[in-house]
Structure formats: structure tokens, C-alpha cells
Amino acid sequence: MKHKTIIEPFRIKSIEPIRLSTEEERIRHLEEAKYNTFLLHSDDVIIDFLTDSGTSAMSAEQWAGVMRGDESYAGSKSWLKMERVIRDLTGMEHILPTHQGRAAERIIYSYLGGKGKTFISNTHFDTTRANIEYSGAEAIDIPIREAYDSALIHPFKGNMDTEKLEQIITEKGAENIGAVILTVTNNSGGGQPVSMANAKAIRKICKRHNVLFLLDCCRIAENAYFIKHREEGYGDKSYREIAREMFGLSDGAAMSAKKDALVNMGGFLALHDEKIAQECTNMLIITEGFATYGGLSGRDMEAIAIGLEEVFEPHYLEYRIRSTTYLGEKLHEMGIPVMLPIGGHAVYIDAKRLYPHIPPHQYPGHALVCELYIKGGIRSVEIGSVMFGKYDEEGQLIPAAMELVRLAIPRRVYTQSHMEYVIETFEEILRTREEMRGYEIVEEPPFLRHFTAKFKPLK
Ligand code: F0G
């Protein structure tokens, strides 16, 4: 028989207890954390959806690899294994290990960037943009138009607008383009996938203008799932073959291994071009570590090598994407305004539509983040006016375009019953939505305020 229940395709060998708390305790914890969930102790959180980055559960095989890790300074066999797996996956000759994604970004974008350069992406992730801008270059986001409508169904809402790409390259002059960066899946755009057809079109444009085409590939296995199931001609290909095809279109890739390599720390840079690789290796040795470990321990490299194989396992990927979809669709059916279609690693809630009576300057997304913690001990993250809001000259808030809340799902960590618990919490949120009040900021730092700002609930 064909079962309709998607079970976790693993058994649990080692457990990490969750300390259950009462609503009264959580109200106190939140008050002590000045209503900023970044300042909570993780012990006081029941379900942690803050990020899917570095929060994966490793397999027994990966833990065995940890014990086998070769900690030699040079020529470690764990490095040779990691290098072999990544060369085989990406088809690229030069592999540089880094301690996480942004270290790979710093190395490549400080080399390619600088004043007068422009980088173009479907959407630059925050750290990507920050590294580019820090070099003095500019970063332009050109997702397709459909990406801006949170309720619109489109199979590849992560795609880049290729017409605009052509236009910007022509306008700026190809020699001033640092690189075109395709983020798969598009995290900032809701974890939405990018089609192979889009990657091919970008390849063609970049080739014609002789512009470098890079992938930000930290969720490329999840992206491959969507291609196999949504794009014509890919149904019979394996997830791995699809990922390899996409790597094959690009000139290089930066990866945060903390996502689809199923590890808690790590990253790499993969490149075809020898000259760029040489320059980057110099920077790697100065700032991260020798070329055969970068910022990593031998044991980390073992775990990455194994994780990059496990992530393409069909049963794993099917469970992964379908369990995220399960949560998202249940919330949608219940009437919670979610971003559609549901992406790969997270469910995004449109707090502006959930709490239409709370204006942006009273931070509806933040209100939902606090309420999720109080009602269920669930930690999420606001991606709205707390994170991206700015002030004008009169000190009035210029709100962000959207007031979203992200529930990012760690890989292989939570079970179906955890998801049921989250869904139940949302039932209560829906029941009490009209009583919900906004928040004000009482103290904030000049940069990245969401991490440390202090808030007060409005009466
Ligand atoms: N690129 C993308 C698309 C990412 O999502 C991230 C991290 C990075 C690069 C940077 O990698 O953290 O290893 O330095 N995203 C995390 C998140 C932080 O929560 O979405 P890193």
C-alpha cells in the first residue's frame, strides 16, 4: 500500500531534552529579555525556529566521521575527502574550505568587489550584501515581479528577472559587473526555488557579456527537489544530477555548509578559474587558515563530506520539503496569512495581514514573534520593520516593504508532533488576534538593531 503519512526517515539514537515551561514563566522570561527573543536563553525555548543554519541534527555516520577526523595541519585526509566530494558535486577544480558562508563571501567579494563595481542577484542574502558593500561595491536585487506578491502562486518565485539583468549589465558596462549571484533557494525572498531554465538564461547572458556567474548554493539540494517536481524534463533525474547540472552552468559557488551540508559549522568556495582561486587562496591563508583546512577542524570536514552525500538521499529530501509544506499548508488552511507557495526551509507569515490593526511603527511582526513565544515557547524571527526599518530626517520610521515572520525549520530535529504543537499554538493566536497590541522600541543600537534592541508592549 501507499501511505499518505510522511514519516521521519530516521530513528532517534541520541536525544536532547526540551525543558517545558508554563505561559507565566515565559511571560517573565520575555520581560527579562526586554521583549527581544534574541536575548532569551535557548533553554527557555521549546521549539526553536530562529534559523535552519547550523542547527541540523547529524547522523550516526557523521558522528562516526567526527571520530575519524584527521587534525593534521597540512594534507589532512579529512580535507582530501571533503575536497573530493565537493569537486565531484560541483565539477570545479579549486575548493577552498572556510569556517562558514560569510567567510567564503568575504574572500571572494573583497577580491571581485571594490568601488565602482556592481553585483546583481535575485536577492543578496544580508551577509552577501554586507560583504559586497563593505568592499565599496553596490549590490542590486532583481527578483522576478511575482516575488513581491506574497499570496501569488508561482512555481519558481525565486527566479531572477533576466530582462532587467541584461539591462543593468548594458547600463553599467560589463567590465564594471563584479559578478551575477544566483541564490538558491532564495532565502530572503521566502525560501523560494529557482528554475534550471532561469539559471540557463542567466548563464547565456553572462557568457555573452563575459561576466562571472556565481551561485550562493547553501540550499541547492532543496532547490533540486523543486526542480525535479515542478520543472518539465527533470522528473527522471536524481536530485544530485540536478544540482550538478546547476553547478555546471556557473563559474563558481559560495556555500554555507550550515544548511544543506547538514552540519553545525562550515563552508566553502568552489571555483573553475585558476587565477581567481589563487588570489582567494592567499586571502584564505591570511584570514582563515592553511589551504587544507581553512577555518575548519578535520572532524568538521569529515561531517561536511558525509552530509553533502546524505542531503541528496531521496527519502530525506522528500521528508524535508514535505514536512515544511505540511506546516505551511495547515497554517494556510486555518486562515493564517502565509507566503505562498511554501518554500523549502521555512514558512513565512505575513504579519501585516494577520494583524491589520497594528500599524508598521508598532511592529506587527514583532508582536507575532512575542506572542508565539508566550503562547507556545516558539522562537521565530521578524523580517520586517524591526530588521529593515529606517528613520527619516524627522526621526519618523520608514517601514520595510513587508512585515514577515520566519519560522525556519532545523533539519532532522523536530518531529511531526512538534509541528502539531506549533499548529495548535497558531489556533490560539488566531483566536486572540484582535486583542493583540503592538510594541515600541525603548532602546536600540545604530546598526543591526534587531539583535539587541529593547522593546515595551503597548497598552
Ligand atoms: N547565503 C544565504 C542564502 C544564507 O541564508 C546565509 C545564512 C548565508 C549566505 C551566510 O552563511 O551564516 O554560514 O555565514 N543564513 C542564515 C539564516 C544565517 O538564518 O538564514 P553563514
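The values are calculated or read from the model by the stated rules, or taken from the named source; none is laboratory data. None of these values were measured; they are calculated from a predicted model. Positions of Cβ are generated from backbone atoms using ideal geometry, with glycine treated the same way; all protein chains shown enter the neighbour counts. Quick note on the areas: whole protein, heavy atoms, side chains included, nothing else; ligands and nucleic acids left out. Shrake-Rupley method; radii C 1.70, N 1.55, O 1.52, S 1.80 Å.
List the helices (runs of 4 or more DSSP H) inside segment 308-413, counting only whole elements, that have at least 3 residues being within 14 Å of Gly191 (Cα to Cα) and free of Cβ contacts under 8 Å to residues at least 24 places away in the same chain. Let's see the steps before the verdict.
Details: elements: 314-334, 351-354, 364-376, 385-388.
Result: empty, no element qualifies.
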Segment 301-352: number of residues that are surrounded by 24 or more Cβ atoms within 10 Å (Cβ to Cβ), charged (D, E, K, R) and within 20 Å of the chain's Cα centre (by Cα): 1
Residues in segment 215-229: is at least one at pLDDT 95 or above, open to solvent by 30 Å² or more (accessible area, probe 1.4 Å), more than 14 Å from the ligand (Cβ to nearest atom) and in a loop (DSSP other than H, G, I, E, B)? no
Show the residue pairs meeting these rules: Cβ distance below 6 Å; 6+ apart or different chains; first residue within segment 110-134 and more than 19 Å from Thr51 (Cβ to Cβ); second residue open to solvent by 60 Å² or more (accessible area, probe 1.4 Å). Tyr111/Glu279; Thr118/Glu138; Thr118/Lys172
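Looking at segment 433-459, which of its residues are in contact with a Leu (Cβ under 7 Å, 6 or more places away or on another chain) and open to solvent by less than 50 Å² (accessible area, probe 1.4 Å)? Lay out the reasoning, then the answer.
First pass over segment 433-459, keeping only residues in contact with a Leu (Cβ under 7 Å, 6 or more places away or on another chain): 433, 437-440.
Selection gives Gly438, Tyr439.
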For segment 262-271, state whether one or more residues are free of Cβ contacts under 8 Å to residues at least 60 places away in the same chain and either within 13 Å of the ligand (Cβ to nearest atom) or open to solvent by 30 Å² or more (accessible area, probe 1.4 Å) (or both). no
Inspect all residues belonging to segment 279-298 and state whether any of them is open to solvent by less than 30 Å² (accessible area, probe 1.4 Å), closer than 16 Å to Val66 by Cβ and among the aliphatic types (A, V, I, L, M). yes
Show the residue pairs meeting these rules: Cβ distance below 7 Å; 6+ apart or different chains; first residue within segment 40-62 and in contact (Cβ under 8 Å) with a residue 60 or more places away in the chain and open to solvent by 30 Å² or more (accessible area, probe 1.4 Å); second residue aliphatic (A, V, I, L, M) and within 15 Å of the ligand (Cβ to nearest atom). Leu50/Val381; Leu50/Ala408; Thr51/Ala408; Thr55/Val413; Ala57/Val413; Met58/Leu262; Met58/Val263; Met58/Ala303
In segment 109-135, which residues are assigned to a helix (DSSP H, G or I) and in contact with a helix residue (DSSP H, G or I) (Cβ under 6 Å, 6 or more places away or on another chain)? Tyr109, Tyr111, Thr127, Thr128, Asn131, Ile132
One residue is enough: does segment 176-196 have a residue meeting the conditions closer than 24 Å to Gly248 by Cβ, away from the ligand (no atom under 16 Å from the Cβ) and surrounded by 24 or more Cβ atoms within 10 Å (Cβ to Cβ)? yes
